[in-house]
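> Pasting a structure below so you can have a look.
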Amino acid sequence: MVLDAFSRAVVSADASTSVLSSADISSLKGFLAEGNKRLDAVSAIASNASCIVSDAIAGMICENQGLIQAGGNCYPNRRMAACLRDGEILLRYITYALLSGDASVLDDRALNGLKETYAALGVPTTSTVRAVQIMKASSLAHINDTNTEANGGKRFRRMGSAKGDCSALTAEAASYFDRVISALS
């Protein structure tokens, strides 16, 4: 069951047959106060998703050229397309988790049985983990708006994320990527 911060608080209070505590209400107020930052973070990732994923897959392949050689897991083109598709799916569910502030959607819809499926298909999880690590680094740079024109080149576009301390949101996003890495390891 996918729960957002509000549903989680209500279900918890209902299970203990009590009303929402002042701590629950304070937590929800904090969630709302950080709402624009959360939306900006999700927007930064979603609007750059195809670049984030393709760069991560390209980086993974640069580190392991055997993946695109005959017999490699990204050869022929249909396997490369499947790799890109899977990267986009994982990134999409990470953004869903970040938006809701809850990892259950990521666990239930993307990670449940993923390692076993990849093992059955012969997909090397070490390469997949490396691609997720690269996606994590890129996504966190977009959330923090630390990408620069020097690194981005002619296509550089500053996202203009909400100003202020994004360290808690960055740590939360990082935890979702780490959750994927852990599920595959």
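> How many residues does the range 87-99 hold that are in contact (Cβ under 8 Å) with a residue 24 or more places away in the chain, surrounded by fewer than 20 Cβ atoms within 10 Å (Cβ to Cβ) and within 29 Å of Tyr75 (Cβ to Cβ)?
2
> Any idea which of Val2, Val19 is farther than 22 Å from Ser139 by Cα and at pLDDT below 85?
Just one listed residue meets the conditions, Val2.
> Report, ordered by the first and then the second residue, all pairs with beta carbons closer than 9 Å, sequence separation of six or more or different chains, a first member in the range 1-27 that is within 19 Å of Leu106 (Cβ to Cβ) and surrounded by fewer than 14 Cβ atoms within 10 Å (Cβ to Cβ), and a second member that is modelled with pLDDT under 85 and of a type in the set (S, T, N, Q).
Met1/Ser7
> Here's a follow-up. Inspect all residues belonging to the range 62-80 and state whether any of them is under 27 Å from Arg130 (Cα atoms), touching a Gly at 6+ places or on another chain (Cβ under 6 Å) and either of a type in the set (D, E, K, R) or modelled with pLDDT of 85 or more (or both).
No - not one qualifying residue is present in the range 62-80.
> What's the number of the condition Ser138 fails, among (1) hydroxyl-bearing (Ser, Thr, Tyr); (2) assigned to a loop (DSSP other than H, G, I, E, B); (3) within 14 Å of Asp55 (Cα to Cα)?
Checking Ser138 against (1) hydroxyl-bearing (Ser, Thr, Tyr); (2) assigned to a loop (DSSP other than H, G, I, E, B); (3) within 14 Å of Asp55 (Cα to Cα), the one that fails is (2).
> Could you tell me whether any residue of the range 99-108 is more than 18 Å from Met60 (Cα to Cα), among the hydroxyl-bearing types (Ser, Thr, Tyr), modelled with pLDDT of 95 or more and touching a helix residue (DSSP H, G or I) at 6+ places or on another chain (Cβ under 8 Å)?
Looking for residues that are more than 18 Å from Met60 (Cα to Cα), among the hydroxyl-bearing types (Ser, Thr, Tyr), modelled with pLDDT of 95 or more and touching a helix residue (DSSP H, G or I) at 6+ places or on another chain (Cβ under 8 Å), one finds none in the range 99-108, hence no.
> Name the residue, out of Ser7, Ser43, that is modelled with pLDDT under 85, out of contact with any helix residue (DSSP H, G or I) (no Cβ under 7 Å at 6 or more places or on another chain) and among the hydroxyl-bearing types (Ser, Thr, Tyr).
Going through Ser7, Ser43 in turn, the sole match is Ser7.
> May I ask you to verify whether Arg92 is modelled with pLDDT of 95 or more, within 15 Å of the chain's Cα centre (by Cα), among the basic types (Lys, Arg) and within 20 Å of Asp178 (Cβ to Cβ)?
Criteria met by Arg92.
> What are the pairs with Cβ atoms under 7 angstrom where one residue, in the range 45-63, is more than 14 Å from Leu90 (Cβ to Cβ) and the other, located anywhere, is in a helix (DSSP H, G or I) and of a type in the set (S, T, N, Q)? Sequence gap at least six, or different chains.
Asp55/Ser138
> Okay, next question. If we keep just the residues of the range 100-136 that are farther than 16 Å from Ala82 by Cβ and among the polar types (S, T, N, Q), which is surrounded by the most Cβ atoms within 10 Å (Cβ to Cβ)?
The qualifying residue surrounded by the most Cβ atoms within 10 Å (Cβ to Cβ) is Ser100.
> Of the numbered conditions (1) part of a helix (DSSP H, G or I); (2) surrounded by fewer than 17 Cβ atoms within 10 Å (Cβ to Cβ), Tyr75 fails exactly one; give the number of that condition.
So the condition that Tyr75 fails would be (1).
> So, in the range 154-185, how many residues would count as being at pLDDT 65 or above, among the aliphatic types (A, V, I, L, M) and under 16 Å from Ser138 (Cα atoms)?
6
> I would also like to ask the following. I want to confirm something. Restricting to the range 28-52 and keeping residues that are among the aliphatic types (A, V, I, L, M) and within 16 Å of Ala173 (Cα to Cα), which single residue is surrounded by the fewest Cβ atoms within 10 Å (Cβ to Cβ)?
Leu39
The values are calculated or read from the model by the stated rules, or taken from the named source; none is laboratory data. The shown structure was predicted, so the numbers you read here are calculated from the model rather than taken from an experiment. Methodologically, a virtual Cβ is constructed for each residue, glycine included, from the backbone with ideal geometry; neighbour enumeration extends over all protein chains shown.
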